[in-house]
Each structure stands twice: as C-alpha cells, then as structure tokens.
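Step one of this worksheet: look at the structure below.
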Amino acid sequence: MLARSKVAVAPETFALVSVTPADFARLMQDPELSPRMTAPFMLLKDAFEVTMLLDDTDFGTMRHAIRDAKVERGYRLLTFDIELDPGVVGFMAEISRILADAAIPILAISAFTRDHLLIRQHDLATALNALGPHVAELC
C-alpha cells in the first residue's frame, strides 16, 4: 500500500497547541477565534487537555486569547493520499520505521480514511528523501 501512496505536503506551517478544557470553552464562545474552514486543522479533546493543530494564520488569530497554552511550532503536514480501511495493519509502522532509520521524529494523525504526519520544518527535506523510494509520488 505504501508503494501506491502519494505523499502531499501542505503548504502551510502548523502549530500544535495544548489548552485546558476551560480555555477551549472560552475560545469557542468567540466565533472570531475559530479556525477557518479553508485550512486544515484538528481538534482532539481527551480527559487531560484539548489539542489543536492550527496553521500559523489561525494560531496567530487566537494566540492572544490562549497565552497560557503549551505550543510547539514549525510543523509541516504530510498526507498519505491513499484511502485506507480501518483494518489495515502495519501501514504507519512501516512509515515510522523508515523515518526512524533517518532519525526523523514524527507525530502521527489518523483520519477516517487517510494517515498524516507532522514533521518539523527543518526535518522535511530529509523525511521526503527517506520516503521517496517507498512511495509512488511526492507532491
């Protein structure tokens, strides 16, 4: 499956942001602070925090309202453009192995049908060089 995959790199640079549930609830009260629907974003709420993946534009819009947030910036979003069944085994493990061999740290994100990676901007070229021989196309 990996050999049939295309890897698309989003043009935006992203921030990974952790806020408390209370801070997130406060953010959602102001529609001007919501992510735009024209750029990729992610929200994940668990028992401990709300994690947001925001492009730099959306992060800049809400930064003043989340001063106490934990923030990691400078990520690029890679999308494996192949539809995956939820029962697929080992797809992300193989990608992780390839990038681990190249000493590239990753943050993996799975959507319903596609897998994604967050890669630091300064690791992007090395990551793409490592993945290139294993995928159908780098976009």
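Worth pointing out:
- Within the stretch 52-85, the set of residues being of a type in the set (D, E, K, R) and part of a strand (DSSP E or B) comprises Asp55, Lys70, Glu72, Arg73, Arg76.
- Within the stretch 89-108, the set of residues being open to solvent by 30 Å² or more (accessible area, probe 1.4 Å), in contact (Cβ under 8 Å) with a residue 60 or more places away in the chain and closer than 25 Å to Asp55 by Cα comprises just one member, Leu107.
- Pair list, Cβ under 8 Å, 6 or more apart: the stretch 38-67 residue within 13 Å of Leu16 (Cα to Cα) and free of Cβ contacts under 8 Å to residues at least 24 places away in the same chain, other residue open to solvent by less than 60 Å² (accessible area, probe 1.4 Å) and small (Gly, Ala, Ser): Asp58/Ala39
- Unmet criterion (only one of (1) modelled with pLDDT of 95 or more; (2) touching a Lys or Arg at 6+ places or on another chain (Cβ under 8 Å)) for Asn129: (2)
- Hits in the stretch 36-59 (condition: over 11 Å from the mean Cα position of the chain (by Cα) and open to solvent by 50 Å² or more (accessible area, probe 1.4 Å)): Arg36, Met37, Thr38, Leu44, Lys45, Asp46, Ala47, Phe48, Glu49, Asp56, Thr57
- Glu32 passes every criterion in (1) of a type in the set (Asp, Glu); (2) in a helix (DSSP H, G or I); (3) modelled with pLDDT of 95 or more apart from (3).
- Scanning the stretch 1-24 for residues that are open to solvent by less than 50 Å² (accessible area, probe 1.4 Å) and in a helix (DSSP H, G or I) yields a count of 3.
- Counted residues, the stretch 110-127 - those being surrounded by 18 or more Cβ atoms within 10 Å (Cβ to Cβ) and hydrophobic (A, V, I, L, M, F, W, C): 4
The values are calculated or read from the model by the stated rules, or taken from the named source; none is laboratory data. Just so we're clear, the structure is a prediction, and the values are computed from it rather than from any experiment. A quick note on method: Cβ atoms are made from the backbone with ideal geometry, for glycine too, and the neighbour counts reach across all protein chains shown. Remember, those area values only see protein heavy atoms, side chains included, never the ligands or the DNA or RNA. Shrake-Rupley method; radii C 1.70, N 1.55, O 1.52, S 1.80 Å.
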